[in-house]
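Computed from the coordinates by the stated procedures, all read-outs in this text should not be read as laboratory data. Only a predicted model underlies this, so the values are computations on that prediction, with no experimental measurement involved. Heads up, the Cβs are rebuilt from the backbone with ideal geometry, glycines too, and the neighbour counts pull from every protein chain shown.
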Amino acid sequence: MTDNEADHEADPGAGDPAPWDAQSLLIMKRDGDRLPDDAIDWFIDGYTTGRIPDYQASAMLMAVFLNGLDGPELARWTNAMIDSGERFVLGDVGRPIVDKHSTGGVGDKVSLVLCPLVAACGAVIPQVAGRGLGHTGGTLDKLEAIPGWNPSVEPDRFREIVTEVGAVIAAANDDLAPADRKLYALRDVTGTVASIPLIASSIMSKKIASGTEALVLDVKVGSGAFMREVDDARVLAETMVDIGNRAGVRTTALLTAMDQPLGRAVGNTLEVDESIEVLAGGGPEDLVEVVVALADEMLTMVGIDADPAKVLASGAAAPVWAAMIEAQGGDLSAPRQRATHREEIVAERDGWLSGLDALAVGVASMRLGAGRARKEDDIDFGAGIECLIKVGEPVSVGQPMLRLHSDKPATFAVARHILADAVTYAEQQPDPQPLIIDRIG
Ligand code: URA
């Protein structure tokens, strides 16, 4: 410790109106010590309100990135993020309240089907969702592919829709965990995004503040996910489950595979179309399997005895979906935006598809216009990729495997380049890999 640092040792309450100083807390975390509870509150509040500058918050994020936060420290950090804004109180809606959060993947349109399904089974889902950035899609972007659908819902209207329909998906308002908005933007430019305590507190602060009683996390694992390795995904899941349970929100997690896109559609309009197929009782098996597993978990948590597979296959969730979309101005009978140009990528060999890299498909779809490289980018709702063949299916040379959709024909060459090594073949049918890898909680 330097003399200068000694001058900055924490001295809470020694006549100074501010109980802590930022430099002392930075030194503590740099040296691997535990931050005191009220120091965490002071730091998060100070950064949210502008009293602590970006350079000190950046240093704190890096110290947390390198030295972590222990269980109680992380619970307090998350709680301070929640208290930076308002907690949404839904009130008594006469039915159990449960929500789901996915850590994000390619072709992940699960919420579009799951929310009306779980509502059709008797629970209430007040879901605050986000937008896509990079190769993963965002639920709000997908729903905006429906003409007229509005993601912004005032709190009273939110309560009304939840009570009448049973499910809402909407954008967060400015009062929901504002500390996260500032911290996330800072993490993005300081190399501190990929930190388990920082990811876990970011996700859980928003979910806990949105007022659910129970929560199921869908932690994606594989090339198209935040976590590529099962062991890392398990630690992230355990960390988030611990935060949720400490905060009084019953929380469990499923680890689900994200090595290839989920379902066959990637891109906003294409994913809405596929969700509607599943809600009608059809659609790709892998998507149905993940939706049903998550629905089962959510319903069990809140004590509802229902068979979501049966309810989904019967089409009974479709009217709930229609009511949910119409309540936010969406017109499901209006034509959705379609891309003006299409091209197909064909198989180069006979055999079986043994791999379809989710990351490459996600990045190619983004470059075709379906996603954003920067927050301010516009997206083309019709752009994306149809996966005509999935892993484990037979292929013959010349057979179309991927159908690219874009309004900008010049992007096809870029997408083809990105997808050049995305597909792998096998002589024999590969063994099926489990989609639901583990359950934590
Ligand atoms: N999603 C979030 O909301 N926060 C993160 O840090 C990562 C994913």
Seminar exercise, completed: With the charge dipole of the chain built from beta-carbon charges (+1 for Lys and Arg, -1 for Asp and Glu) about the Cα centre, the Cα from Gln260, Ala145, Leu112 projecting farthest to the positive end belongs to Ala145
Exercise. With a 10 Å Cβ neighbour count serving as the proxy for reagent exposure, in which order, fewest first, do Val165, Val98 appear?
Worked result: Val165, Val98
Problem set entry | Gap separating the Cα centres of the stretch 363-378 and the stretch 31-70, nearest whole Å | 33 Å
Problem set entry | Residue among Ile243, Ala171, Ser223 farthest towards the positive dipole end of the stretch 98-326, charges placed on Cβ | Ile243
Problem set entry | Reachable lysines from Lys29, criterion Cα separation under 16 angstrom, eight or more residues apart if same chain | none
Problem set entry | Beta bridge orientation in the chain: antiparallel %, DSSP, nearest 5 | 50 percent
Exercise. Among Lys109/Lys390; Lys100/Lys206; Lys109/Lys142; Lys182/Lys220, which pairs are too far apart, with a Cα-Cα distance over 19 Å?
Worked result: Lys182/Lys220
For this session: Work out the FRET efficiency for Glu344 and Val189 from their Cβ-Cβ distance, taking R0 = 30 Å, and round it to the nearest 0.05.
Result: 0.15
For this session: Could you please rank His341, His135, His417, placing first whichever residue has the fewest other Cβ atoms within 10 Å of its Cβ?
Result: His417, His341, His135
